[in-house]
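Here the structure is laid out as structure tokens; the discussion comes afterwards.
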Amino acid sequence: MRNIVHILMAMVFQNKAIYLVLFAANCKPDLNSPYEFGTSEFYKNQSFVCLVSPLSFCNSNRNGTNGIVDFNAIPGRRLWLRAEGLSFVDSSPVTSWVDLSGNGNDLTPGTAPIFISTTNPINGKPVVRFQFGLGSNLIKSAPVGVNASDSGSLFFVARLPLVVNSNVLTIGPIGGGGREFQITSAGVIAVNRSGITTVATYNSGWVANTVHQISILQNGVNNVVIKFDGIQMVSVTPGSTGYTAGNLSLGAGGAEMDLAELLYFDNRVSDENTVTIECYLGNRYGTFSCP
């Protein structure tokens, strides 16, 4: 028999207040909310939505097919960036991109990219636009919980015009052996030891100005998997190992892209959890149909 009422408590110590939140009619948390999961703002917002319109996310499954998933249950999450929920007005500079992972890896600009919410969004959701000619980039010095281990998993949704090589995410020094995730102007998805050598690649056939969902999963020195819109395309032994630790950056070294959402884990995410994340992203951005 299904539980009729779920009771979740969110405690806020400001003014020594304690918020008791009731989720009625078997509702589950909606991770599409712009509020970070687990905060008092999240629970207050979701309790209201659930009580007013419980069918909006009641009886939902856990694999992300309805866009609902608790990332806190997936080990190793170190960075979670989502353009939706940023408080900037359309076409304004992004002066900070708050990390939703709970690790405090907020990124601030060297040269600020632009928040785009009304013109050419992705599936109706805003993006952060990086422009190569302006040198757009966001950086977090001394990122928390991100190490130089060879294992790591990246998931992102982006649109690229493919006019230049675009460094989506780099962990470590540019040109000095950092872990570099890049989409080339030819549509090749590449994992590099920046400035040193290639670790793994996949020639995706990416068409300019189209939106795609990318998953890259590395299991230490043993294996790298590259998935394109949820489909595994490459499973290879890394061509090189031994990344150099350092800053965490988006667009550093050059990028021309619209980035909607990105998640990074400092381990090789399990196949089961990979499908969960891919279903979540696919549902939000129309890039992947869940199995």
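Worth a mention:
- Looking only at residues in segment 73-119 that are over 20 Å from LEU154 (Cα atoms) and hydrophobic (A, V, I, L, M, F, W, C), the one that is most open to solvent (accessible area, probe 1.4 Å) is VAL89.
- As a summary of the residue check, ASN167 satisfies the conditions (1) surrounded by fewer than 24 Cβ atoms within 10 Å (Cβ to Cβ); (2) in a strand (DSSP E or B); (3) not β-branched (Val, Ile, Thr) except for the one numbered (1).
- Residue match in segment 172-189 (condition: hydrophobic (A, V, I, L, M, F, W, C), closer than 16 Å to ILE231 by Cα, surrounded by fewer than 22 Cβ atoms within 10 Å (Cβ to Cβ) and over 17 Å from the mean Cα position of the chain (by Cα)): yes
- Of residues in segment 259-291 being open to solvent by less than 10 Å² (accessible area, probe 1.4 Å) and either acidic (Asp, Glu) or free of Cβ contacts under 8 Å to residues at least 24 places away in the same chain (or both), the one nearest to SER166 (Cα to Cα): GLU261
- Residues considered: GLY254, GLY195, GLY239. Of these, the only one that is part of a loop (DSSP other than H, G, I, E, B) and in contact with a Ser or Thr (Cβ under 6 Å, 6 or more places away or on another chain) is GLY239.
- Odd one out for ILE139 among (1) in a strand (DSSP E or B); (2) open to solvent by less than 20 Å² (accessible area, probe 1.4 Å): (2)
The values are calculated or read from the model by the stated rules, or taken from the named source; none is laboratory data. Predicted model, so just to flag it, every value in this text is computed and none were measured. Counting neighbours? That spans all protein chains shown, and the Cβs are built from the backbone with ideal geometry, glycine included. SASA here: full protein model, heavy atoms, side chains in, ligands and nucleic acids out. Shrake-Rupley method; radii C 1.70, N 1.55, O 1.52, S 1.80 Å.
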